[in-house]
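Trainee: Mind looking over this structure? Questions follow.
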Amino acid sequence: MTAKFRFAPSPTGYLHVGNARLALINWLYAKKVGGEFVLRLDDTDEERSTEEYALGIQEDLDWLGLEWDDLKKQSDRSASYKAAFEKLKAAGRLYPCYESGEELEYKRKRQLSRKLPPVYDRSALKLTDEEKAAFEAEGRKPHWRFLLDQEVVSWEDDVRGNVEVDCASMSDPVLIRSDGRPLYHLPSVVDDIDFGISHVIRGEDHVSNTALHIQVFKALGSEIPAFAHLPLLMGPDGGPLSKREGSQSLRELRDAGYDPMSINSLLARLGTSDNVEARGHLSAVIDGFDISRFSRAAAKFDPAELKNLNARILHEMPWEQAKSKLDLDGTTEAFWLAIRGNIDVIGEARQWWQVVNGEINPIVEDQAFLDKAAELLPDGELDVESWKAWTTAVKETLGVKGKSLFMPLRQALTGQSHGPEMNNMLVLIGRDKALARLAGKFA
Ligand code: GLU
């Protein structure tokens with residue numbers, strides 16, 4: 001049997017790093033075992049789900065390089081949910097309830113004030129047929145609750161080890177709303193069954209849902225998939241991820257110039273004791289992936305680490321890979337190789353492109369020195385040896401060395417005090433621009 005994994009976002013927003021981590025881990029596991037990866041759009045919430053977000057999620061996964069083998073939408077599957085509903089009803093596992101939201105809230109508050117757990121009291125189970133008919137005559141439509149077995153449900157979790165959840169302390173969950181629409185639980189289980197999902201990997205916020213899902217799987221006569229619940233991502237100081245610390249959407253990271261492989265490299269290992277290595281390709285991340293390496297302790301996401309990884313990936317990125325990412329006309333391999341070591345995000349290449357190809361304001365402190373240096377610029381075509389020859393000549397002729405020699409030349413030629421190796425920059429800037437800048441001109 002093919003192992004099957006799924007990533008099941010709700011298209012009610014764009015993906016953020018926490019979602020991306022779940023998508024990636026499901027994808028990696030699928031690749032590792034030669035299984036399949038299903039993208040399931042949980043779009044049953046008609047008010048909050050939009051086509052824009054559904055497409056946005058696909059674009060973002062595409063950008064990360066996480067191809068899916070199959071795309072499913074819950075909005076296409078109402079007939080299957082209806083069939084499961086009938087089956088559970090016939091099995092006596094669903095019962096109609098007529099309480100309004102306010103009535104339920106009132107009960108809840110009363111239980112809390114008596115220091116009782118706010119668990120649904122199952123009073124709808126005791127309704128007689130006449131009472132139900134009377135509610136229906138009033139125009140009330142029932143919502144349907146799943147009758148939980150009040151037992152301890154346990155499973156061997158791929159991340160958390162043995163997990164036990166006592167369902168006796170849980171409310172019977174509502175599976176179908178009074179307008180007939182199913183809530184998350186039923187579609188999720190029905191899809192996992194119908195699509196042959198063998199592994200469910202999701203956030204630890206779903207641990208108690210899993211206990212009740214296991215009961216629904218059983219009630220529908222299905223096998224139980226393997227489960228893994230990953231701890232949620234935390235900020236670098238162990239608190240919840242704030243917007244500034246990286247709970248931002250993937251598209252914000254993309255727009256800020258991050259390379260998808262920096263995100264993949266980090267998220268694939270975060271929360272394990274394995275080293276995070278800068279990887280240029282997903283295939284290199286699959287190799288060391290092992291779900292059992294993930295710890296149940298919260299994983300800390302540090303944007304500074306992401307930035308650092310991104311820089312490391314760019315510093316080694318070959319021209320073949322970089323050229324499609326540079327949104328600049330006319331760039332060359334020589335340009336890329338010269339500047340890649342000096343950028344943290346791809347967008348910063350623009351600044352260096354401006355230096356070699358556009359116009360800049362030279363920084364000039366001693367024009368007389370620059371004028372004399374200009375006269376010593378080697379004749380003929382400039383190449384990577386020219387800088388050495390030139391600065392040696394300047395040093396010997398003018399008796400200036402070290403920083404006092406290199407800094408004024410760099411500042412005049414690039415308008416900056418730091419940057420890529422000048423032997424490469426001089427070639428890229430070219431003689432005409434170099435001479436104009438040495439003369440202090442905007443060029
Ligand atoms: N749409 C659900 C969520 O985003 C899916 C959870 C699951 O993986 O079952 O939380």
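Trainee: Can you give me the ranges of the strands (runs of 3 or more DSSP E) entirely in segment 135-238 with at least 3 residues that are more than 12 Å from the ligand (Cβ to nearest atom) and over 26 Å from SER292 (Cβ atoms)? Don't jump to the end; show me each part of the working.
Mentor: Numbers: elements: 143-146, 152-157, 161-166, 174-176, 199-203, 226-230.
By residue number, 143-146, 174-176.
Trainee: OK, next. Of the numbered conditions (1) surrounded by fewer than 19 Cβ atoms within 10 Å (Cβ to Cβ); (2) under 29 Å from GLY347 (Cα atoms), ASP274 satisfies every one except a single condition; which is it?
Mentor: Unmet for ASP274, out of (1) surrounded by fewer than 19 Cβ atoms within 10 Å (Cβ to Cβ); (2) under 29 Å from GLY347 (Cα atoms): (2).
Trainee: I would also like to ask the following. Out of segment 375-386, which residues are surrounded by fewer than 17 Cβ atoms within 10 Å (Cβ to Cβ) and among the hydrophobic types (A, V, I, L, M, F, W, C)?
Mentor: Correct list: LEU376, VAL384.
Trainee: Is it the case that some residue within segment 247-256 is of a type in the set (A, V, I, L, M) and either modelled with pLDDT under 90 or more than 14 Å from the chain's Cα centre (by Cα) (or both)? Reasoning before the result, please.
Mentor: As a first pass, look at segment 247-256 and keep what is of a type in the set (A, V, I, L, M): 250, 253, 256.
Filter again for either modelled with pLDDT under 90 or more than 14 Å from the chain's Cα centre (by Cα) (or both), leaving 256.
Yes, segment 247-256 contains a residue that is of a type in the set (A, V, I, L, M) and either modelled with pLDDT under 90 or more than 14 Å from the chain's Cα centre (by Cα) (or both).
Trainee: Next question. Can you tell me which residues in segment 289-312 are assigned to a helix (DSSP H, G or I) and under 29 Å from GLY257 (Cα atoms)?
Mentor: Going through segment 289-312, the residues assigned to a helix (DSSP H, G or I) turn out to be 291-293, 303-312.
Once the filter is applied, which keeps residues that are assigned to a helix (DSSP H, G or I) and under 29 Å from GLY257 (Cα atoms), segment 289-312 yields PRO303, ALA304, GLU305, LEU306, LYS307, ASN308, LEU309, ASN310, ALA311, ARG312.
Trainee: Among ASP62, ASP70, ASP42, ASP76, which is the only one that is of a type in the set (Asp, Glu), within 25 Å of LEU241 (Cα to Cα) and within 16 Å of the ligand (Cβ to nearest atom)? Quick ask: steps written out before the conclusion?
Mentor: Numbers: ASP62 fails: within 16 Å of the ligand (Cβ to nearest atom); ASP70 fails: within 25 Å of LEU241 (Cα to Cα); ASP76 fails: within 25 Å of LEU241 (Cα to Cα).
Checking each option against the conditions leaves just ASP42.
Trainee: Residues that are out of contact with any strand residue (DSSP E or B) (no Cβ under 7 Å at 6 or more places or on another chain), within 15 Å of the ligand (Cβ to nearest atom) and without any contact (Cβ under 8 Å) to a residue 40 or more places away in the chain: does segment 83-90 have at least one?
Mentor: The first filter runs over segment 83-90 and keeps only residues out of contact with any strand residue (DSSP E or B) (no Cβ under 7 Å at 6 or more places or on another chain), leaving 83-84, 86-87, 89-90.
Checking which are within 15 Å of the ligand (Cβ to nearest atom) leaves us with none.
The answer is no; no qualifying residue exists.
Trainee: Moving on to the next point. Just one of (1) touching a residue at least 60 places away in the same chain (Cβ under 8 Å); (2) surrounded by 15 or more Cβ atoms within 10 Å (Cβ to Cβ); (3) over 16 Å from ALA322 (Cβ atoms) trips up ASP371, so point out which.
Mentor: The number of the failed condition is (2).
Trainee: Of the residues ALA284, ALA219, ALA256, ALA299, which single one is surrounded by fewer than 17 Cβ atoms within 10 Å (Cβ to Cβ) and in contact (Cβ under 8 Å) with a residue 60 or more places away in the chain?
Mentor: On the way: ALA284 fails: in contact (Cβ under 8 Å) with a residue 60 or more places away in the chain; ALA219 fails: surrounded by fewer than 17 Cβ atoms within 10 Å (Cβ to Cβ); ALA299 fails: surrounded by fewer than 17 Cβ atoms within 10 Å (Cβ to Cβ).
Going through ALA284, ALA219, ALA256, ALA299 in turn, just one is surrounded by fewer than 17 Cβ atoms within 10 Å (Cβ to Cβ) and in contact (Cβ under 8 Å) with a residue 60 or more places away in the chain: ALA256.
Trainee: Also, I was wondering about something else. So SER324 fits all but one of (1) polar (S, T, N, Q); (2) at pLDDT 95 or above; (3) outside any helix (DSSP H, G or I); what number is the exception?
Mentor: Condition (2) is where SER324 drops out.
Trainee: Taking only pairs six or more apart or across chains, which ones have beta-carbon atoms under 9 Å, a first residue in segment 406-432 that is within 14 Å of ALA374 (Cβ to Cβ), and a second residue that is among the basic types (Lys, Arg) and surrounded by 19 or more Cβ atoms within 10 Å (Cβ to Cβ)?
Mentor: Partner pairs satisfying both residue conditions: ALA412/ARG437; LEU413/LYS433; LEU413/ARG437; ILE429/ARG437.
Trainee: Given the residues THR391, THR397, which is the only one that is under 13 Å from ARG410 (Cβ atoms), among the polar types (S, T, N, Q) and not in a loop (DSSP other than H, G, I, E, B)? Even if it seems obvious, please write down each step before you answer.
Mentor: Details: THR397 fails: under 13 Å from ARG410 (Cβ atoms).
Unique residue meeting the criteria: THR391.
Trainee: So in segment 1-29, with the set limited to residues that are of a type in the set (Ser, Thr, Tyr) and not in a helix (DSSP H, G or I), which one is nearest to the ligand (Cβ to nearest atom)?
Mentor: Step one: filter segment 1-29 for residues of a type in the set (Ser, Thr, Tyr), giving 2, 10, 12, 14, 29.
Narrowing further to those that are not in a helix (DSSP H, G or I): 2, 10, 12, 14.
On the way: THR2: 19, SER10: 4, THR12: 9, TYR14: 13 Å.
Per the criteria, the residue is SER10.
The values are calculated or read from the model by the stated rules, or taken from the named source; none is laboratory data. None of the values given here were measured: they were computed from a predicted structure. Note: ideal-geometry Cβ built from the backbone for every residue, glycine included; neighbour counts use all protein chains shown.
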